[in-house]
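The values are calculated or read from the model by the stated rules, or taken from the named source; none is laboratory data. Only a predicted model underlies this, so the values are computations on that prediction, with no experimental measurement involved. Positions of Cβ are backbone-derived with ideal geometry, glycine not excepted, and every protein chain shown enters the neighbour counts. Note: accessible area is taken over every heavy atom of the protein model, side chains too, but ligands, DNA and RNA are not part of it. Shrake-Rupley method; radii C 1.70, N 1.55, O 1.52, S 1.80 Å.
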Amino acid sequence: MTTPHKYVRTEDAPLLPPPATEAGITGWLWQNIFASMADYQSIGAAIRSLFMITFSLLLVYVFINQTFGLIDFAILSAVWSDPDGLKREACWTVQQGGALPDGWHGACWPFVWAKQKFAWFGPYPSEELWRVYIALAVGTVGLIWALLDRMPYHRQVGVLMLTIYPLLAFILLTGGNNEASLTSIGVWIFGGLAMISVGRMGAAGYLGAVFAEISSVFSIVGWGIIALNVVRGIASVDFNLTPVGTGDWGGLLITLVVALTGIVASLPLGIILALGRRSQMPVVSILCTIFIEFWRGVPLITVLFMASVMLPLFLPAGVNFDNLLRALIGVMLFSAAYMAEVVRGGLQGIDKGQYEGAQAMGLSYWQTMRLIILPQALTHVIPGIVNTFIGLFKDTTLVSIVGIFDLLGAGQSAVADAAWSTPVQAITMYLYIGVIFFIFCFGMSRYSIFMENKLSKSRRH
Amino acid sequence: MSASNAKKMQVTDEVIISMSQVNKWFGTFHVLRDINLTVNKGERIVICGPSGSGKSTLIRCLNRLEEHQSGDINVQGITLNNDLKNIDEIRREVGMVFQHFNLFPHLTILENCTLAPIWVRRMPKADAEAIAMKYLERVKIPEQAHKYPGQLSGGQQQRVAIARSLCMEPQLMLFDEPTSALDPEMIKEVLDTMVALAEDGMSMICVTHEMGFARKVANRVIFMDEGQIIEEKDPEEFFNNPENDRTKLFLSQILDH
């Protein structure tokens, strides 16, 4: 036997405790705060460290300064109430004719309180507001219930929120009693049933091999037509509610209606478009690609203008549909095109083996998509999906250019009220609107992070 | 191999697969050239050959993961053509195990196994779970049923993939290089599972370079090169007396090192 080399161990090396920079409180400070400023081992490193210290202190100063400015304006110096009903004079300085000291600069909250109903609901009749409150309350409770997976039946509640709730909200908000004729609804439903039957026959192979592959499209469209007309039917029942036209809606209500419709519709539409674009069938693929590229290629403002100004010119006289509905459809199709590209990104990230694994077990195309591919693809692109949702939520402010008063539009017209005219009037209102937008968008952002963390546990590799 | 196992591994006269004059091209590349192959129920066939010789493509044609352009393929008496019904029927009866496992990472092991029985065989969930547990026990990992694939080792994942295919109770199993992506330490556990499966009388076609496995369970070894079947023998004959020069070269390259 030969003697072992010196570098071959004859006994175990001892396990040593980590250095102070790696563990415990000192380790945390070292890694999170002083990572870039505590190295003085060479002149270069020392200069870099000193620069980082100066820069950090500067940032801290700017941050504190700005935060304090905001807190001072919004809370400390703000006027909170107007007990004497002075309106604008409550927020005037001595120089301007009021009671506040000269040089005062703070929020004028009584103005916002006075305009709150208008900012939230626009000109919606006050005596009918209970309907909006019910719709909002049911919506909030249902949404939270459906989104928290700790709640019992959260899936079922989610399904109700997507099916029954929109109908309920529609009837509550408009008053229902749309005068759709039973004949027209009947004809449409019959047409839908016919399309489903054709789809079924196609799937069973009676109409040829080529048709069998696109038969599912017929079934989907058929079911869509039937669902739409059932909704039309229910919406034409007389519930004895005073009708409130969408022209009387406004403020946050409009923002929520437009954003939620866009969000709820864009995901399924986007998924179908993305699947269509990646389809093996050239006709489907080309049609989906053209649709997506068209809607991505035009600005939303153009879409809204076309929907509200141009479209009526092309429709025959007497055919007229609601301005808000036209804007909604425009927003829906627009965001669906964006969503389709986000979803397509997710689909492309799925390994080919996943499709083959599913196919080899005998799963059909739709089963493969629903059970295997989409759950993974959508999980991968949650940040992109939520990004699109947040973008859509903020883009709803554009509807004010076609005469629909969303939160921002309503706030702006409130600012124009001379009875509250003060130098801080506009700032206060925009701050208020900004906070509302921030709450919604930040909420979506946090929920998406929560979902990512929850779903990522199954992707440990 | 014991005598009782040899008895269990008997081959029947019932034809399970027949391929005649099958040709396939990838673009202009002629990847399968005039393949004729008949497999009886209970047969265990090992296909080997150099990389790019069309072994994987051949077995992937059997369940329509690849489409052949000419010739006839018959599986269990069902003709494989563009009829989706036939394809679905064949896929229900033919299990497949892949080189990279292709487990579904977002589903637990149990859900991976019950998915096809529930959705394809329309089996009640409880029954599907009972079957899944039966086969997970057979591949010796019932205790992992509620974990996710990403939490298992490669060998365990491949055994789950085998169990997942078995849950459909197939008539025939296709293995596409099942041990090629595994660490050396894990190859044995997968091969043991496959040997046990063969001893239970499962018909199988296996693309592999595990020659020990071929000697142990195969009743025919097929050698492919450049898209053709150029040698077909029982294992002893194949390893001891290869006829074709390319077979000899191949065997010398994989065995002598």
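Quick notes on this structure:
- Surface accessible to a 1.4 Å probe, B:H106 within the full protein complex, Å²: 40 Å²
- Computed from the Cβ-Cβ distance with R0 of 51 Å, the FRET efficiency linking A:W223 to B:A196 stands at 0.60.
- Cα centroid separation, the stretch A:2-49 to the stretch A:253-298 (Å): 53 Å
- In this structure, A:L311 and A:R278 have a Cβ-Cβ separation that, at R0 = 25 Å, corresponds to a calculated FRET efficiency of about 0.20.
- Within a straight-line Cα-Cα reach of under 18 Å, A:K454 can be paired with the following lysines, leaving aside sequence neighbours fewer than 8 residues apart in one chain: B:K147.
- By the Cβ-Cβ criterion of under 4.7 Å, the unpaired cysteines of chain A are A:C288, A:C441.
- Within the stretch B:16-118, trypsin sites (Lys or Arg not before Pro) in DSSP loop having at most 14 other beta-carbon neighbours inside 10 Å: none
- Relative contact order of chain A, defined on C-alpha pairs under 8 angstrom at six or more residues apart (%): 15 percent
- Heavy-atom accessible area for A:H380, with the other protein chains in place and a 1.4 Å probe, reaches approximately 90 Å².
- Accessible surface, the stretch B:55-189, averaged per residue in Å² (probe 1.4 Å): 39 Å²
- Table column - 3J(HN,Hα) (Hz), the stretch A:130-138, Karplus curve with 6.51, -1.76, 1.60, x for Gly and Pro: 4, 5, 5, 4, 4, 4, 5, 5, 4
- Both chains summed, the buried accessible area for B and A stands near 2200 Å², from protein heavy atoms and a 1.4 Å probe.
- Distance in nm between pseudo-label sites at A:L287 and A:W366 (7 Å out along the Cβ direction from Cα): 1.6 nm
- Most mobile listed residue (B:E199, B:E14, B:E93) in chain B, GNM with C-alpha springs under 10 Å: B:E14
- The alpha-carbon of A:K394 sits under 13 angstrom from the alpha-carbons of these aspartates and glutamates, leaving out residues fewer than 8 places away in its chain: A:D406.
- Protein accessible area in the stretch B:98-247, 1.4 Å probe - carbon and sulfur %: 46 percent
- To put it simply, the accessible area of the stretch A:24-78 at a 1.4 Å probe is 75 percent carbon and sulfur.
- Solvent-accessible area per residue for the stretch A:248-345 (1.4 angstrom probe, square angstrom): 46 Å²
- Surface accessible to a 1.4 Å probe, A:S216 within the full protein complex, Å²: 30 Å²
- In this structure the stretch A:24-78 gives 79 Å² per residue of accessible area when probed at 1.4 Å with all protein chains present.
- Alpha-carbon centroids, the stretch A:404-424 and the stretch A:96-118: separation in whole Å: 13 Å
- Residues along the stretch B:145-161 losing 30 Å² or more of accessible surface when the other protein chains are present rather than the chain by itself (probe 1.4 Å): B:Y148, B:G150, B:Q151
- Exposed GluC sites (Glu not before Pro) absent: longest stretch of chain A, with sites in DSSP loops and at most 10 other Cβ within 10 Å deemed exposed: A:180-461
- Pairs with C-alpha atoms separated by more than 31 Å, drawn from the list A:K6/B:K188; B:K134/B:K233; A:K352/B:K125, are A:K6/B:K188; B:K134/B:K233.
- D_trans [Stokes-Einstein, Kirkwood Rh over alpha-carbon pairs] for the protein assembly as shown, 25 °C, 0.890 mPa s, µm² s⁻¹: 77 µm²/s
- Legend: calculated FRET efficiency, A:R296 to B:T12, from the Cβ-Cβ distance at R0 = 56 Å, rounded to 0.05, equals 0.40.
- For the stretch B:92-111, a decrease in accessible area of 50 Å² or greater in the assembled protein chains relative to the isolated chain, with a 1.4 Å probe, applies to B:N102, B:F104, B:P105, B:H106.
- Per-residue HN-Hα couplings for the stretch A:253-266 [Karplus 6.51, -1.76, 1.60; θ = phi - 60°; Hz; x = Gly/Pro]: 4, 5, 3, 5, 4, 5, 5, 5, 4, x, 5, 5, 7, 6
- Trypsin sites (Lys or Arg not before Pro) lying in DSSP loop within the stretch A:3-112, provided at most 13 other Cβ fall within 10 Å: A:K6, A:R9
- Here is the list for the stretch A:60-162: chymotrypsin sites (Phe, Trp or Tyr not before Pro) lying in DSSP coil, each with at most 14 other C-beta atoms within 10 angstrom of its C-beta, are A:W80, A:Y153.
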